[in-house]
Amino acid sequence: MIQLMLVDDHHLVRNGFRLILESQKDIAVSDDVESAEGALDLLAKNNLPDMILTDLKMEKMDGITFIGRTKEKYPQIKILALSMLNDIQTVFEVLRAGGDGYLVKDSSADEMIFGIRQIINGEKYLSVSLGLSCIENYRLYMENNPDKGFIMTKYDLSERELAVLELISEGYTNAEIADRIFLSKRTVEGHRQRLIEKTRTRNTAELVRFGFHNMLLH
C-alpha cells in the first residue's frame, strides 16, 4: 500500500485529490495538511509516508523550500510537486531541490496516478502537458546534473563516506574530521582511502573535484 501525504493550503483541493487517490486499491492518504510547516511537524513525529504530493505556492514556506528541507532530513520520501505553473524554470527548481516529479494541476486523474506509480518505482515523472521541448531539456539537465543517489549507488558510497567527503572539501584534517563526527582518526583515514579507491581518483584534490562534478558537493 502506497502511503501518501497531501500538502496544499486549499481544503477543497486536498479533498479532491483525496477522493481520486483513495479510489485506488493500492493508495492511501495517511495525512493531509494545509501548510509546509504543518507537514514538517508531522514528519518530525515520525509520521513518514512513502510519498508527499505538495503544492508549490503556499503562504509562509513555499513548496520548493519545503521539498529541500524534507529531502535533507528524509531522503527516502518521494516528492511529487503540484503546480498551476507550466514552465521549465520552475521544473528545474523543483528538481534541484530534490523533487522526484512535477505535475501540472490540470492533468487528468489517470496521469496523476500513473506519475505516482512511476515515482514509487524509482523513476522521475514530468507532466505530459509540459511538452516535448521541456522533456528534452530535462534529459539534458539530468545528463549534466547526475542524481546524487544514483552516483552514490554507482560508486558504492555510504552516507558516512559522504559526510567525510563533505568535511574534506571544507579543508578539515583527518583529526578534525574525527572530532566532528565522533570517529577515530584511523577510521577517518580509512574512509578517505576508500573514497579515493572507489571513485578511482589519485589524491584528495581529485577526490574533491569528483564530488563537485558529480553533484555530491555544493
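Checking each residue in the range 146-162 for being free of Cβ contacts under 8 Å to residues at least 40 places away in the same chain and open to solvent by less than 30 Å² (accessible area, probe 1.4 Å) picks out only E161.
Of the residues making up the range 31-49, those that are of a type outside the set (D, E, K, R) and either in a loop (DSSP other than H, G, I, E, B) or open to solvent by less than 30 Å² (accessible area, probe 1.4 Å) (or both) are V33, S35, A36, G38, A39, L43, N46, N47, L48, P49. Restricting the range 113-145 to residues that are open to solvent by 30 Å² or more (accessible area, probe 1.4 Å) and in a loop (DSSP other than H, G, I, E, B) leaves a set whose member that is modelled with the highest pLDDT is N121. Do you know which of the residues in the range 13-30 that are among the charged types (D, E, K, R) and not in a loop (DSSP other than H, G, I, E, B) is nearest to R117 (Cα to Cα)? Among them, the one singled out is R18.
The set of residues in the range 50-73 being hydroxyl-bearing (S, T, Y) and either surrounded by fewer than 17 Cβ atoms within 10 Å (Cβ to Cβ) or modelled with pLDDT under 90 (or both) consists of T65 alone.
Selection of the range 195-211 for residues being open to solvent by 100 Å² or more (accessible area, probe 1.4 Å) and either at pLDDT 90 or above or in contact with a helix residue (DSSP H, G or I) (Cβ under 8 Å, 6 or more places away or on another chain) (or both) yields E197, R200, R202. Listed by first and then second residue, the pairs linking a residue in the range 93-111 that is buried (at least 16 other Cβ atoms within 10 Å of the Cβ) to a residue that is part of a strand (DSSP E or B) and of a type in the set (F, W, Y), with Cβ atoms under 6 Å apart and 6 or more places separating them unless they lie on different chains, are V94/Y102; G101/Y125.
If you go through the range 74-92 and pick out every residue that is open to solvent by less than 30 Å² (accessible area, probe 1.4 Å), of a type in the set (S, T, N, Q) and part of a helix (DSSP H, G or I), you end up with 1.
Yes/no matrix, rows are residues, columns are (1) in contact (Cβ under 8 Å) with a residue 12 or more places away in the chain; (2) among the charged types (D, E, K, R):
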position: M5; (1), (2): yes, no
position: H10; (1), (2): yes, no
position: D26; (1), (2): yes, yes
position: A39; (1), (2): yes, no
position: K45; (1), (2): no, yes
position: E59; (1), (2): yes, yes
position: K71; (1), (2): yes, yes
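Scanning the range 168-218 for residues that are part of a helix (DSSP H, G or I) and charged (D, E, K, R) yields E176, D179, R180, K185, R186, E189, R192, R194, E197, K198, E206, R209.
The values are calculated or read from the model by the stated rules, or taken from the named source; none is laboratory data. Computed from a predicted structure; not experimentally measured. Here the Cβ is made from the backbone with ideal geometry for all residues, glycine too, and neighbour counts use every protein chain on show. Note: areas computed on protein heavy atoms with side chains; ligands, DNA, RNA excluded. Shrake-Rupley method; radii C 1.70, N 1.55, O 1.52, S 1.80 Å.
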